[in-house]
Amino acid sequence: MQFYKVIGIVADEKWTEENNDRRIMQQRARRIARKSEEFNQIQGGNSCYFISDIGNDEVTVGIIDSGMGDKTKQIRAFFRSLEIDVHDFDVDEITFSSMRNLLGSANRNDYISDDDEVLEKFELDRINGRYVRGIEYGENLLNEITQKEELFAKSNELLTSDTLTPELERIYSGKTCSKAFGHPVHYMIETNDRDTRKVLSRTLLQALFDNKRLQSRRYCFIDFKPGQDFSKLVYDVLYKSCVGGAILVRYLANDDSEDDNYASNEFETIQALCETMLKYRNQVLTVFCLPRECEKSKKVFFDNLGNTGIVEIREELADYDRAYDYLKVLAAKNRIRTDKKLFSKLEKDKLYLPSELRLLFDEWYNNKLKTSVFPQYKDLTMCRKEAVKEEVRGSAYDDLSEMIGLSEAKEVIKKALNYYKLQRIYKDKGIKQDRPAMHMVFTGNPGTAKTTVARLFARIMKENGLLSKGQLIEVGRGDLVAKYVGWTAKTVQEKFRAAMGGVLFIDEAYSLVEERGGSFGDEAINTIVQEMENHREDVVVIFAGYPNEMEKFLDKNPGLRSRIAFHVPFADYNTAELCDIARLIGKSKGVTLTESAVEKLSCVFNEAKKQPDFGNGRYVRNVLELSKMNHAARILEMDPEKVSDSVLISICAQDIEIPAAKKTAQVQKIGFGV
């Protein structure tokens, strides 16, 4: 299935004038919606063409296409059916994410009746919103044109000439067909290095696309863990959305486990992955990606793939001579002369992975720049101030900065990020530094956005190269403490494995030891302390809870306190901040708050803050939900002719209702009262 975006230049001179007339635009939208539906019905359900947006002299079209017809001819027919005179247009293949945006725009502009119905028609609703939460996946596009020599050069740079290069030769030596007819083989890539896997898989897919072995430039990548529970229906729909293209199944295996139950779960996961792959093997190219030396898991894959042809591509280990030549290639690529220092770190009897050689070269190259190419910097030992003050990268930090309040939390997190960056700079300059503990404690009352900030912090760490994956695994006592002796340690270890490269968020951590008297909680704490030490480089643990309880919890566990680098306080929101949050929530739900509504909310929040169980942001959300229901009831009682657009989206003071406060149970005393 392919997704396209078309930008057409309108030839009609009256088009711009009509865009300024609201009545004409509304009539045009209804006509376009009706004629688009008629056109799509004629196509027999294999495709969907729709107008997404209309500008002064151009029109944007979205296409969902599960067929293989002539797009140019079909696009011209679509414009003719809408009576739009277009003298030129450009067609680009896009991702499913971009297609969702086009559909949303079309829905807002009334060019389609319902974007969800369009997604449901092609079963794409299953990879949208809540359905896909159990699967980590993404998508990308290949280049339209690539030089053959470029791909072979990348193969040599990756030290995969024994496996990838022969396959590239087979791909380019075959007859180039006018369109894809199926897949004679599929692939298995074996590497531990994420960057190597990324370049290797893209090089392979690009060669296949260039030779018409793939119809679509779009490909998906999905991560699975051994024993992971996931929706087979969603996985099947993901494959269906990739018909004509490719899918990378990145299996994060661990062959070190001797647990029979773990091995059984792994078998079931691989079996489910292979069943769907076999179902679509002639329509979707599959590339399985496994770690190196993962023989147990690889054997299970082959047992379940039957007679499917699988080409294995793996990064190779380089001996001294090959590593020597590889370093010379890297130097030539960077146009710098080699010296004895570059090769002095190579050991005669050692085998090297490409990632290890690249790291060795980068360290030498950095030093070479300072000592030989630019000798004026050779005596510089301190880090440049500009590097330390470098702005935090990524959209997640922007999202955190835009959140209401949380000034103390934002400041501590900024200091933590600067500290981690400084350690990285030390490493880049060859100054030996131990990896600092990155673990944190978040303290605050309910509704102060601790979980939201933890999720953003994980993304910030990923976007700034401080964590490899950036996922958030949220757990509580029930997720860590098992029912039987000896099971708790394994349960905790599994959660740490799931959080590898990301953040393990332990909510209400004090409940593990809170006057329960059992040994299971102690076993969980002891295992957590040990795993924090074992995974200090690739897992950040965040403990969260009420301030007083968290302080008592840490006092009971000096081993934990010594491993926590940062304490992040989350203060209660003041009334002004609560009103700002209300405006923000309203905006996200498509409604605005009148000034009178905000004034009444201010009074409501002032009173609510006096309650001992006040929920901060959660309370605001509850008030807004109740207000929306009251707003809906008020609108339905009005004369439809008097309901304007502004009335439809405006929450007024009369819509604001104070939620019923919880009543404290009265304790009846027995005996005589005074």
Quiz item: In the stretch 348-373, which residue that is farther than 15 Å from L330 by Cα and part of a loop (DSSP other than H, G, I, E, B) is modelled with the highest pLDDT?
Solution: K348
Self-check item: Selection count where residues are assigned to a loop (DSSP other than H, G, I, E, B), of a type outside the set (A, V, I, L, M, F, W, C) and closer than 14 Å to T592 by Cβ, scope the stretch 635-659
Solution: 1
Quiz item: Between a first residue in the stretch 137-154 that is in contact (Cβ under 8 Å) with a residue 24 or more places away in the chain and a second residue that is among the aliphatic types (A, V, I, L, M), which pairs have beta carbons less than 7 Å apart while being 6 or more apart in sequence or on different chains?
Solution: Y137/I222; Y137/L238; L142/L205; L151/L168; L151/A207; K154/V199
Quiz item: Which one of the conditions (1) loosely packed, with under 12 Cβ neighbours inside 10 Å; (2) among the small types (G, A, S); (3) at pLDDT 90 or above does G129 fail to meet, given that it meets all the rest?
Solution: (3)
Exercise. Can you give me the ranges of the strands (runs of 3 or more DSSP E) entirely in the stretch 2-118 with at least 3 residues that are within 19 Å of R217 (Cβ to Cβ) and open to solvent by less than 70 Å² (accessible area, probe 1.4 Å)?
Key: 2-10, 58-65, 86-94
Exercise. State whether the residues of the stretch 157-174 include one that is over 21 Å from Y320 (Cα atoms) and at pLDDT below 80.
Key: yes
Practice problem: Would you mind stating whether V392 is modelled with pLDDT under 75 and either outside any helix (DSSP H, G or I) or open to solvent by less than 40 Å² (accessible area, probe 1.4 Å) (or both)? | Solution: yes
Practice problem: Have a look at T308, T276, T338, T286 and point out the one that is among the β-branched types (V, I, T), in contact (Cβ under 8 Å) with a residue 24 or more places away in the chain and in a loop (DSSP other than H, G, I, E, B). | Solution: T308
Quiz item: Got a number for residues in the stretch 324-349 being touching a strand residue (DSSP E or B) at 6+ places or on another chain (Cβ under 9 Å) and either open to solvent by 80 Å² or more (accessible area, probe 1.4 Å) or on the phi > 0 side of the Ramachandran plot (or both)?
Solution: 1
Practice problem: Working only within the stretch 311-323, note down all residues that are within 30 Å of H183 (Cβ to Cβ) and open to solvent by 50 Å² or more (accessible area, probe 1.4 Å). | Solution: E312, R314, L317
Quiz item: Out of all the residues in the stretch 398-408, which are part of a helix (DSSP H, G or I) and within 13 Å of R455 (Cβ to Cβ)?
Solution: D399, L400
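The values are calculated or read from the model by the stated rules, or taken from the named source; none is laboratory data. If you're wondering where the values come from, they're calculated on a predicted model, not measured in any experiment. Don't worry about glycine lacking a Cβ; one is built from the backbone with ideal geometry, like all the others, and counts go over all protein chains shown. All accessible areas refer to the heavy atoms of the entire protein, side chains included, with ligands and DNA or RNA removed. Shrake-Rupley method; radii C 1.70, N 1.55, O 1.52, S 1.80 Å.
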